[in-house]
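The values are calculated or read from the model by the stated rules, or taken from the named source; none is laboratory data. Predicted model, so just to flag it, every value in this text is computed and none were measured. For neighbour counting, all protein chains shown are included, and Cβ atoms are generated from backbone atoms with ideal geometry for every residue, glycine included.
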């Protein structure tokens, strides 16, 4: 008969333990999860979070698939699920009705850990926060997720640290949720929000300046510009315009407060950037806006490789828990990839992590050490005889 291997949690899955360690550090001072009424907790927060992180890490497609794997897969059964397993009803209750405060706490703690650890790509530009929203397909039973007739969607609004490539803030609305109001909620006084043309609003530009919020926002080329003061341009630069202006039509939608407008051209495409960053050169403003594309790449990677939008909950609370778990998984990967490889998150490193976890599972004690010795043993060079 084939050997049945039942690994001990304390000695196995070293790689997963290393990957998950920042969460355990984050939980040290975490607010305690209280039971509801007289009913005792049926599932600990750590078990719940670990299951959700595993859901995203291994690209599971549904809650049913996850719970099936937690019962049948050796690693999941012994390293992720608690000893008595996870019941569907307990998992559903935990996801849809509790733990939101704790998920936000862990997310913010991990974000602080990653901020301290990861280097800035362009420190001279300050802290740049890309801001964007992304729609999530919802089911018709999700009554709160208004969008269009016979269509339901939710929208996640994310603030993304462009210098470190990590998420910083997150909000959830129905699919019709306006994006511009979240700029003030996402960026703090020492940060600069970087947004695309969808955020252009002259009243908002005035409001953000009143609030001392810094912004770099692409605007439509057709926007009317009233020049107050032109700045001198450098030769051999992609920048063709740099001036203090008022935007819009006087008496209609013109900004009350002057701002800076930078124009630059890349691959025959002209970009017009409105900003209140006067401390940067025009070329640096262009560089800062180019970094905004990283939030688009993040959303695409997040959806494709972590199955964040494969719904395991239908309630607004449950969807927020799932989104936070997906962001927590991404932050764990950012920390892990930097510490182990001094690299950014990539699907190559995620796949290597999955393989390492499974290889460690198949080995016990001395067998695992033999595996490591063999893995790290220098390869012999074979030279052809002359």
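Test residue 264 against the stated conditions and say whether it is farther than 24 Å from residue 25 by Cα, in contact with a strand residue (DSSP E or B) (Cβ under 6 Å, 6 or more places away or on another chain) and at pLDDT below 90.
Numbers: farther than 24 Å from residue 25 by Cα: yes; in contact with a strand residue (DSSP E or B) (Cβ under 6 Å, 6 or more places away or on another chain): yes; at pLDDT below 90: no.
In short, no.
Can you find a residue that is in contact with a helix residue (DSSP H, G or I) (Cβ under 9 Å, 6 or more places away or on another chain), in a loop (DSSP other than H, G, I, E, B) and on the phi > 0 side of the Ramachandran plot anywhere in the range 169-191?
Step one: filter the range 169-191 for residues in contact with a helix residue (DSSP H, G or I) (Cβ under 9 Å, 6 or more places away or on another chain), giving 169-174, 179-181, 183-184, 187.
Going one step further and asking which of them are in a loop (DSSP other than H, G, I, E, B), we end up with 179-181, 187.
Subset that is on the phi > 0 side of the Ramachandran plot: none.
Checking the range 169-191: not a single residue is in contact with a helix residue (DSSP H, G or I) (Cβ under 9 Å, 6 or more places away or on another chain), in a loop (DSSP other than H, G, I, E, B) and on the phi > 0 side of the Ramachandran plot.
When 70, 128, 140 are checked against the criterion of being within 22 Å of residue 179 (Cβ to Cβ) and either outside any helix (DSSP H, G or I) or without any contact (Cβ under 8 Å) to a residue 60 or more places away in the chain (or both), 128 stands alone in meeting it. Contact annotation: residue pairs with Cβ atoms under 7 Å, 6 or more positions apart or on different chains, pairing a residue in the range 227-239 that is in the same structural domain as residue 273 (by TED's automatic domain parsing) with a partner that is in a strand (DSSP E or B) and loosely packed, with under 13 Cβ neighbours inside 10 Å, are 238/266. Would you confirm whether or not the range 213-223 contains a residue that is exposed (fewer than 15 other Cβ atoms within 10 Å of the Cβ), more than 21 Å from residue 284 (Cα to Cα) and touching a residue at least 24 places away in the same chain (Cβ under 8 Å)? No - not one qualifying residue is present in the range 213-223.
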